[in-house]
Amino acid sequence: MPLPSSRITGISPSGKDGWEVHATAMARRHAGEDIIVLSVGDHDFHTPADTVEACVRAVREGCHHYTHLAGIPRLRAAMAHLSARSSGLETPVRQVIATPGGQAALYAAVQATLDPGSHAVVVAPYYATYPGTFRAAGAEFTVVEARAADGFQPDAGAIEAAVRPNTRAILINTPNNPTGAVYTRATLEGIAELCRRRDLWLLSDEVYWTLGACEHMSPRALPGMAERTVVINSMSKSHGMTGWRIGWLTAPESLVELLIGYNLVSTYGLPDFISHAAAEAMENDYGVAEIAARYAGRRTIFLDAIHGADRLQVRGSEGGMYVMLDISAVEPDDEAFAWALLESEKISVTPGSSFGEAAAGHIRISLCKPEPVLREAAARLLRFMSQYR
Ligand code: PLP
């Protein structure tokens, strides 16, 4: 067989990591064991019925054709409206472009702003696909750790220390996966100031923007940032639509123009009926408030259940779909802890070190389970902690 490209072989370096805990838990669950899986980031509920109905209607009404490369006008308008709402900044339709999901939006953002051999700074703990997305662009990247002791708020000075002459972009994510940290205004202002001074793009992954404990703050709205910020967004989390693959970018108009050409050669636009259903869901906020309230309620219940526990610290955990717990006082090796927890209490969690060095000694708990299950999981976790070693 001829050789595959080095670009494709370099995307996912093989190797052992914490995701093995999840894979093992799933296999054992399928084999019939009563395992509580808290190691996955997908909703445990279906897409809101109104959205499903809108899609069925669109299929019946003949939305079966190629769509506009930037997204059908109705969808694009709804996306621009949501971008304006999430940033508080007027957002013309020409500044948004639809993509098949948040990951595709991230991929497009990296392709659009980084050349092969150029460099980006990425803040850790980060979403697991970030390194591969840079590698696929042939770009180099430096990881800057947001410290657990700072509640996983990144430090602009530490980011600047990693900036090189060929640095083109900084990638951040708030509300954050995996830590649940919501970046403060001061954090974002520091990063924005750095981007302006060093003439850098800011790639801002805001796919959890509706799931923060406080009103969302987008760095795009800070002075001088609209012209250098690319916001990555998605309906997966906010609208309960992970499997529908709808995302979008908000960026300066000139970059969006170029991204239309990118869509021409990559996706050739989104599915027609899904675009219509997504537009209706956005126009009517189908499920948004309910989903946000559900995760807020789950977070409170879980955090209340473990409140005051000995040798357990909550870090970040202000938004998104996850809670990050510091278990290092019990066991510094988070992977060993996760395996032992799976063995004795049949709960699967994600070892923090899977997300970078800063989250070592932590575990990530996904809130994608009903409240009684989360209560049970908290009780099992506390029992495990009290008996460990
Ligand atoms: N960005 C972050 C931080 C995520 O956690 C995810 C998915 O979990 C994505 C992007 C990708 O989202 P999507 O499902 O829209 O591709």
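Structure above, values below:
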{"item": "Of all residues making up the range 114-123, the number that are surrounded by fewer than 22 Cβ atoms within 10 Å (Cβ to Cβ) and of a type outside the set (Asp, Glu)", "result": "4"}
{"item": "Criterion: of a type in the set (A, V, I, L, M), within 16 Å of the ligand (Cβ to nearest atom), surrounded by fewer than 23 Cβ atoms within 10 Å (Cβ to Cβ) and modelled with pLDDT of 95 or more - qualifying residue of Val231, Val143", "result": "Val143"}
{"item": "Any hit, the range 244-255, residues being within 30 Å of Lys369 (Cα to Cα) and of a type in the set (Val, Ile, Thr)", "result": "yes"}
{"item": "For Thr167: the one exception among (1) more than 16 Å from the ligand (Cβ to nearest atom); (2) polar (S, T, N, Q); (3) in contact with a helix residue (DSSP H, G or I) (Cβ under 9 Å, 6 or more places away or on another chain)", "result": "(3)"}
{"item": "Identity of the residue in the range 113-172, part of a loop (DSSP other than H, G, I, E, B) and of a type in the set (D, E, K, R), that ends up farthest from Gly316 (Cα to Cα)", "result": "Asp115"}
{"item": "Helices (runs of 4 or more DSSP H) fully within the range 6-97 counting 2 or more residues that are hydroxyl-bearing (Ser, Thr, Tyr)", "result": "6-9, 73-87"}
{"item": "Candidate set: the range 173-191, residues that are in a helix (DSSP H, G or I) and under 20 Å from the mean Cα position of the chain (by Cα); chosen: the one farthest from the ligand (Cβ to nearest atom)", "result": "Arg185"}
{"item": "Where Phe45 falls short, out of the listed (1) loosely packed, with under 14 Cβ neighbours inside 10 Å; (2) over 30 Å from Pro370 (Cβ atoms)", "result": "(2)"}
{"item": "Matching residues, the range 234-262, being over 20 Å from Ser83 (Cα atoms), of a type outside the set (Ser, Thr, Tyr) and away from the ligand (no atom under 16 Å from the Cβ)", "result": "Gly261"}
{"item": "Residue within the range 88-97 that is without any contact (Cβ under 8 Å) to a residue 24 or more places away in the chain and among the small types (Gly, Ala, Ser) present", "result": "no"}
{"item": "Pairs, first on the phi > 0 side of the Ramachandran plot in the range 231-243, second more than 7 Å from the ligand (Cβ to nearest atom) and not in a loop (DSSP other than H, G, I, E, B), C-beta under 8 Å, six or more apart", "result": "Gly240/Thr51; Gly240/Ile291"}
{"item": "Any pair with Cβ under 8 angstrom, 6 or more apart, that starts in the range 121-144 at a residue that is more than 21 Å from Arg7 (Cβ to Cβ) and ends at one that is within 15 Å of the ligand (Cβ to nearest atom) and of a type in the set (Ser, Thr, Tyr)", "result": "Pro125/Thr179"}
{"item": "Boolean, Pro100 is more than 30 Å from Ser353 (Cβ to Cβ), in the same structural domain as Thr242 (by TED's automatic domain parsing) and within 16 Å of the ligand (Cβ to nearest atom)", "result": "yes"}
{"item": "Condition met for Ala292 (outside any strand (DSSP E or B), over 17 Å from Val59 (Cβ atoms) and either in the same structural domain as Leu211 (by TED's automatic domain parsing) or touching a residue at least 24 places away in the same chain (Cβ under 8 Å) (or both))", "result": "yes"}
{"item": "Within the range 250-266, tally of residues that are aliphatic (A, V, I, L, M), within 24 Å of the chain's Cα centre (by Cα) and part of a helix (DSSP H, G or I)", "result": "4"}
{"item": "Flag if Gln111 is within 13 Å of the ligand (Cβ to nearest atom), at pLDDT 95 or above, outside the structural domain of Ala359 (by TED's automatic domain parsing) and surrounded by fewer than 22 Cβ atoms within 10 Å (Cβ to Cβ)", "result": "no"}
{"item": "Any chance Ala278 is at pLDDT 95 or above, within 16 Å of the ligand (Cβ to nearest atom) and among the small types (Gly, Ala, Ser)", "result": "yes"}
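The values are calculated or read from the model by the stated rules, or taken from the named source; none is laboratory data. All values reported here derive from a predicted model rather than from experimental measurement. Heads up, the Cβs are rebuilt from the backbone with ideal geometry, glycines too, and the neighbour counts pull from every protein chain shown.
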